Amino acid sequence: MKLGDIARATLDCFRPPSAESVSEWAEKNRVLTSKSAEPGPWKNDRAPYQREIMDAYTEPGIWKIVVMSSAQVGKTDMVLNMIGRSVDLDPGPMLFVGPSDEYMEKFSKERLADNIAASPVLRRKVHEAKSRDGGNTLMNKSFPGGFLALTGANSPAGLAGRPIQKLFMDEVDRMPKSAGTEGDPVMLATERTVTFFNRKIVLTSTPTDKGASRIEKEFTHGTQEEWCVECEGCHTYHEIVFEDIRFEKEAAAQGDYSEWTVTDAKWRCPQCGHLMDELAVKRAPAKWIPRNPRARERGVRSFHLNAFMSPWGNWKEICKLFLDSKDDANLLKTFYNLQLGKSFELRTETGEPERLFERRETYPAEVPRGVLALTMGVDTQDNRLEYEVVGWGRSEESWGIRRGVIPGRADEEKTWQKLDELLDRVWILENGKGLKIAAAFIDSGGHYTEEIYNGCRARLNKRIFPIKGNNRDDGPLVRLSKTQKTTRRGLNLFIINVYAGKEAILYNTGVSEKGARYMHYPDNPEAGYDQEYFRGLISERRVLKPAKGRQAAQYVWEQTYTRNEPLDMRNYARAAFKCFDIDLRAAEERLWGEKKVTPGTPKGAPKKPRGRLSAGIKV
């Protein structure tokens, strides 16, 4: 920085705070870079709902702002404007916290640095990065009268230490439940602001699970403001919610699933029934309406936004996302969180064991029509292997085929020989054709990890793979381990998000109509689907563990029945089906089409989880 710039910046920090609001400052000083969807000078009219959220930051008496929203509504840009205005007109010690250090490093490189470089007033005040100057580093930006520190919520050291006047926390629902052993990161960071009478706290996030969502809890403690639009029919104001959207849809078969197309989408006023299209709604007068206005007296304003009013959202696309996710618990949760900006509550009406037992049916053959591929899940115990062979059709409709036990330990050859019999077996359909198991997952936890690795490596052509469970409630359902240990040994080890799988299975047990995600079971006693199986299938439940001390509320899995092997086996079999892109369309043609095709036998294991597999058809 030049000497004159330093002198001017130093004088700025002694001036009283400006009356200029955040939205006024942004329109005067903020420039969006070419990396933005709409580069150029900041315009408040592009997303009118942002103006009042930003200006609440400088509203007298307001010390906390909470934004619970869908994705892509510009919440991070609003926070950047608040930070920019503070650096320029009201400097002080500031802290920005994200879910992890990696998240914040990426934010610093891709968003914060560009924002500073694009704004002359910020570029002048924030020290230029120099190798010998600690005033401007990746995780710390210094300026006259203050600094901005960046840290991840997984770093206890970053949440403790010096006092902070202005605190910004982004994606609080994606933060760990505890910063190391110190407790809830939101509480830890908030404690750093208590010495400032003029503190500011800004919390933003898309929500996650009902009851455990930290942003939803903070939202309910605030004014609970909704962005409401005036109906051109009755002139009353309403929030645009998904329940009031009326859309026309078409479905076409695409591969193994239906491909939805939404041809029209309109909003229906809940007061008078008047219909308005998307463009008319977004151009109509709108305002924030609080449901808990008295919270403003306590200095806490909270705002909720969904994707319907975002200028970057498209109603037809939002409706299509719903259609694509409505039958999948995990996808539906994502839709609620990222499109509606709402927390998701897992349907609790799981199939009761007795009811599932009673609805068993008689199969006309060992493998009924509708099954296009077979997978197997194997649970490893010290003295036995328990397995389930599951048939899969379109839209994840499933059929239990065989459940059984192989006595013996996993380090005994005779145990693996019995398992080979299942892997090599041809399971017969009513037309006389047959299916072999397309893929099998076996649990490698417990006392026989090396033996299971060796057994699977010796059977690459049989497509049986070892798995390990990821007991964190995040990440993809299945991923291929790429550690040096597994790569060097030529081992295909898969990591399964067991919680996501269990959640989906328990959701599916509540599906009562045959079709998508319905679970069939045979009444043949030899198939092994007795009452004990169904008790084990619904042997766990997801319960909310209340907040205690510094710990935030969180969901945990609770075992309700001692034998949970059936749930584990079905989880592994489903993961095997979801992991590989089995060509069900080709399988249906080969199994039930007039033209007989003899498929080649796939050789070796796939190199990545989404590799295309044959369904193991024998004609």
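Between residue 428 and residue 585, the FRET efficiency from the beta-carbon distance, with R0 = 22 Å, is close to 0.50.
For segment 35-168, just say rounded, prolate or oblate: build the C-alpha gyration tensor, square-root its eigenvalues into a ≥ b ≥ c, call rounded for a/c under 1.5, and beyond that prolate if a/b exceeds b/c, oblate if not.
On the way: a/c = 1.40, a/b = 1.25, b/c = 1.12.
Here segment 35-168 falls in the rounded category.
Here each label is just a point 7 Å from Cα along the line to Cβ, and for residue 248 and residue 101 those points are 5.6 nm apart.
What percent does the relative contact order of segment 263-414 come to when contacts are Cα pairs within less than 8 Å and at least six residues apart?
Details: 144 pairs, mean separation 17.8, N = 152.
Relative contact order of segment 263-414: 12 percent.
In the structure displayed, which of 433/514; 75/249; 109/545; 333/462; 106/320 lie more than 28 Å apart, Cα to Cα? The pairs that break the limit, which is 28 Å between Cα atoms, are 75/249; 109/545; 333/462; 106/320.
Can you tell me the relative contact order of the chain? Whole percent, Cα pairs under 8 Å, sequence separation 6 or more. Contact order relative to length: 12 percent.
Kindly identify segment 200-265 as rounded, prolate or oblate by the Cα gyration tensor criterion: order the square roots of the eigenvalues as a ≥ b ≥ c, call it rounded if a/c is under 1.5, otherwise compare a/b with b/c, prolate if a/b is larger, else oblate.
Values: a/c = 3.81, a/b = 1.43, b/c = 2.67.
Since a/c reaches 1.5 but b/c is at least a/b, the shape of segment 200-265 is classed as oblate.
Secondary-structure-derived ellipticity at 222 nm for the chain, considering helices only, amounts to -8000 deg cm²/dmol, per-run term -39500 (n - 2.57) for DSSP H runs with n ≥ 4. Seen against the Cα atoms of the chain and their longest principal axis, helix 315-325 is set at about 40 degrees. Between residue 110 and residue 236, what FRET efficiency follows from the Cβ-Cβ distance if R0 is 51 Å, with the result rounded to 0.05? Using R0 = 51 Å, I get an efficiency of 0.75. Helix 565-579 and the longest principal axis of the C-alpha atoms of the chain enclose an angle of approximately 70°.
Remark: the Cα gyration tensor places the chain in the prolate category, a/c being 1.5 or greater and a/b exceeding b/c.
The C-alpha atoms of the chain define a longest principal axis, and helix 413-424 lies at about 90 degrees to it. Of the peptides 114-121, 260-267, 166-173, 566-573, the ranking by mean beta-carbon count within 10 Å, highest at the top, reads 566-573, 166-173, 114-121, 260-267. Using 20 Å as the cut-off for backbone N distance, which residues of segment 28-54 belong to the label zone defined by a point 7 Å from the Cα of residue 123 along Cα→Cβ? In segment 28-54, the label zone of residue 123 (backbone N under 20 Å from the point 7 Å along Cα→Cβ) covers 28-43. Measuring from label point to label point, each 7 Å out along Cα→Cβ, what is the residue 279 to residue 19 span in nm? Those two pseudo-labels are separated by 4.1 nm. Of the chymotrypsin sites (Phe, Trp or Tyr not before Pro) found in segment 14-83, those in coil by DSSP whose Cβ has at most 12 other Cβ atoms within 10 Å are 14.
Where both residues lie in the chain, what percent of DSSP beta bridges are antiparallel, nearest 5?
Working: 62 of 110 bridges.
For the chain, the DSSP antiparallel bridge percentage is about 55.
Put a dot 7 Å past the Cα of residue 409, heading toward its Cβ, do the same for residue 563, and the two dots end up 2.3 nm apart. In a fully extended conformation the segment linking residue 526 and residue 291 would gain 78.7 nm over its present Cα-Cα distance, using 0.36 nm per residue.
Read the figures in this text as sums done on the coordinates, not as results from a lab. A quick note: this is a predicted structure, and the numbers were derived from the prediction, not measured. For neighbour counting, all protein chains shown are included, and Cβ atoms are generated from backbone atoms with ideal geometry for every residue, glycine included.
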